[in-house]
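See structure below.
The values are calculated or read from the model by the stated rules, or taken from the named source; none is laboratory data. Only a predicted model underlies this, so the values are computations on that prediction, with no experimental measurement involved. Note that we place each Cβ from the backbone using ideal geometry, even for glycine, and neighbour counts take in every protein chain shown. The protein model used for the area step is the full one, side chains on, heavy atoms only, and it has no ligands, DNA or RNA in it. Shrake-Rupley method; radii C 1.70, N 1.55, O 1.52, S 1.80 Å.
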Amino acid sequence: MRNRSKVIDELRNSQKDDKTAVTFFYFDSISTRSTAVEFISSIIRQLLTPLGAIPDNIVEIYRTSTLARPALPEAIQLLKAFDEIYSTIFIVVDAIDEPLEEERRHIFEIIDQLVLQPSPFKLYITSRPRADISPMASGLGPSINLDHHISEVTDDISRVVSEILLSDSWMARFLDEQMREEVVTTLSQRSDGM
């Protein structure tokens, strides 16, 4: 599992009360976890963990489900029920472009239901540019496009990869300078600005 990001750490450090929750989900194109159900299940688990006990309103929604694992509509209802517990819920979603297009539609349906009404949900979503994502994300609020900063992002990726290659004793010992440069170049180019 990847390390948490600086964004998540900053959010957690800036929110000191127990009425604020910071959750996150990293999508991965090669993982079976990149589904709408896994996304919402992970967020629910993260919201439940600090509570110690499962609140009655959550138990009641779960009890009415006929499935061992609630279907997507019940899971959305479960997620919305946390607005009685938390005043602010941050959801950081990384690489929403990674799941298959059909799953992305389901994920955006969930997100739409969370943010279209006044609610405690605050979302931070990252994605590579994709034609199907722009229309789905257009109503979610402000966005930042880094397309005109791709070279800066690529330079940052190159710097980080170089640092990792030099700091890892095995890689520093067995990769000569030419091989390190090739690894840095390949990873930077294939990162597609992400």
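Whenever a residue of segment 98-118 is within 10 Å of M136 (Cβ to Cβ), its partners that are open to solvent by 50 Å² or more (accessible area, probe 1.4 Å), lying with C-beta atoms within less than 7 angstrom and at least six residues away or across chains, give the pairs I111/L123; I111/L140. Residues that are open to solvent by 40 Å² or more (accessible area, probe 1.4 Å) and either under 27 Å from the mean Cα position of the chain (by Cα) or under 26 Å from T126 (Cα atoms) (or both) within segment 163-182 comprise E163, I164, listed in sequence order. Would you confirm, using the coordinates I've provided, whether S119 is outside any helix (DSSP H, G or I), on the phi < 0 side of the Ramachandran plot and modelled with pLDDT of 80 or more? Judged against the criteria, S119 is a match. Checking R2, R45, R63, R69 one by one, the residue that is closer than 19 Å to I125 by Cβ and either modelled with pLDDT under 90 or open to solvent by 50 Å² or more (accessible area, probe 1.4 Å) (or both) is R2 and no other.
Taking the options D94, D28, name whichever one is of a type outside the set (S, T, N, Q), surrounded by fewer than 16 Cβ atoms within 10 Å (Cβ to Cβ), touching a residue at least 40 places away in the same chain (Cβ under 8 Å) and within 30 Å of S191 (Cβ to Cβ). I'd like the intermediate steps shown before the answer.
Working: D94 fails: surrounded by fewer than 16 Cβ atoms within 10 Å (Cβ to Cβ).
Exactly one residue qualifies, and that residue is D28.
Scanning segment 10-25 for residues that are farther than 11 Å from L47 by Cα and open to solvent by less than 80 Å² (accessible area, probe 1.4 Å) gives L11, S14, Q15, D17, F25. Taking segment 183-194 as the range and being open to solvent by 100 Å² or more (accessible area, probe 1.4 Å) and within 25 Å of V93 (Cβ to Cβ) as the test, only R190 passes.
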